[in-house]
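K.L.:
Dumping the structure here so I can ask a few things about it.
What follows is calculated from the coordinates using simple rules that are stated; it is not laboratory data. The structure presented is a predicted model; accordingly, all values stated were derived computationally and were not measured. Because the Cβ atoms are built from the backbone with ideal geometry, glycine has one as well, and the counts that use them run over all protein chains shown.
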Amino acid sequence: MATMIDSASFAMVDTLTRRDAERHPVWSHYDETAHRDLILSWGVSPTQLDAEIERFEYCGTQPLYPVLVLDPLPRLEHPIMVARFVAASGSKLMGYLLEPHAFGLFVGDREFCFNRRLVSAAIIAERKLSLALGEPADGLFPMDYSTGLRAHDGRVMDGRIQRYW
């Protein structure tokens with residue numbers, strides 16, 4: 001699955017790319033009031049964290065930070081977890097899960113995003129994914145996923161995604 005980032009190599013990113021997913025298995029959107037003390041408790045120095053925050057001081061999206069405590073995961077709102085997906089056809093894909101509404105899949109350097117709240121976009125993503133894999137769209141779902149992680153409550157973060165559009 002993913003290698004691991006430690007406190008010495010802690011760095012935030014704008015968006016999760018395939019490379020980032022290969023580097024670390026869990027990411028979360030940074031919120032100063034909710035996450036600063038948590039990150040510092042992992043051994044990231046205040047100077048290092050402040051330098052990372054400064055890189056993202058603009059009016060864009062919230063940066064993502066690697067979650068350094070993984071077993072079990074701390075209680076976080078919408079962590080982004082790297083996962084291995086297996087389509088109904090048997091195709092194996094790397095991607096990420098953003099419970100409870102979204103997930104993304106990588107095929108080469110391309111990313112295909114699905115969101116239960118954006119049905120028309122999910123239909124388009126399904127069509128494009130089908131073409132990228134050279135498989136019929138009706139062979140993609142249901143799709144099983146495995147993260148190899150446990151939630152803060154001990155729940156194993158594995159499951160099945162039904163076609164929901």
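K.L.:
With unit charges on the beta carbons (Lys and Arg positive, Asp and Glu negative) and the dipole taken about the Cα centre of the chain, which residue among 21, 67, 9 sits farthest to the positive side?
P.N.:
Highest projection toward the positive end goes to 21.
K.L.:
If you don't mind, there's one more thing I want to ask. Could you give me the ³J(HN,Hα) list for segment 140-146, computed from phi with Karplus coefficients 6.51, -1.76, 1.60 and θ = phi - 60°, whole Hz, x at Gly and Pro?
P.N.:
8, 10, x, 10, 8, 9, 9
K.L.:
Order by neighbour count: 84, 18, 117, fewest other Cβ atoms within 10 Å first, most last.
P.N.:
With the fewest neighbours first, 84, 18, 117 line up as 117, 84, 18.
K.L.:
Sort 94, 143, 81, 4 by Cβ crowding within 10 Å, fewest neighbours at the top.
P.N.:
Final ranking by Cβ density, sparse to dense: 4, 94, 143, 81.
K.L.:
Using alpha carbons only, what's the Rg to Rh ratio of segment 1-157 with Rh from Kirkwood?
P.N.:
So for segment 1-157, dividing Rg by the Kirkwood Rh gives 0.99.
K.L.:
Could you work out the per residue convex hull volume over the alpha carbons of segment 28-90, in cubic angstrom?
P.N.:
130
K.L.:
Continuing with this model, one more query. Rg to Rh for segment 113-165: what is it, with Cα atoms only and Rh by Kirkwood?
P.N.:
My calculation of the ratio gives 1.07.
K.L.:
A follow-up question, please. For 27, 42, what's the fewest-to-most ordering of other Cβ within 10 Å of each Cβ?
P.N.:
Least crowded to most crowded, the residues run 42, 27.
K.L.:
Please give, to one decimal in nm, the separation of the simple spin-label points placed at residue 99 and residue 32, each 7 Å out from Cα toward the Cβ.
P.N.:
3.0
K.L.:
Can you give me the long-range amide H partners of residue 149? Hydrogens built in the peptide plane at 1.01 Å from N, cutoff under 5 Å, separation of 5 or more residues or another chain.
P.N.:
Under 5 Å from the amide H of residue 149 lie the amide H atoms of 157, each far enough along the sequence or on another chain.
K.L.:
Here is a follow-up. In whole percent, what relative contact order does segment 1-156 give with Cα contacts below 8 Å and a gap of six or more residues?
P.N.:
Relative contact order for segment 1-156 comes out at 23 percent.
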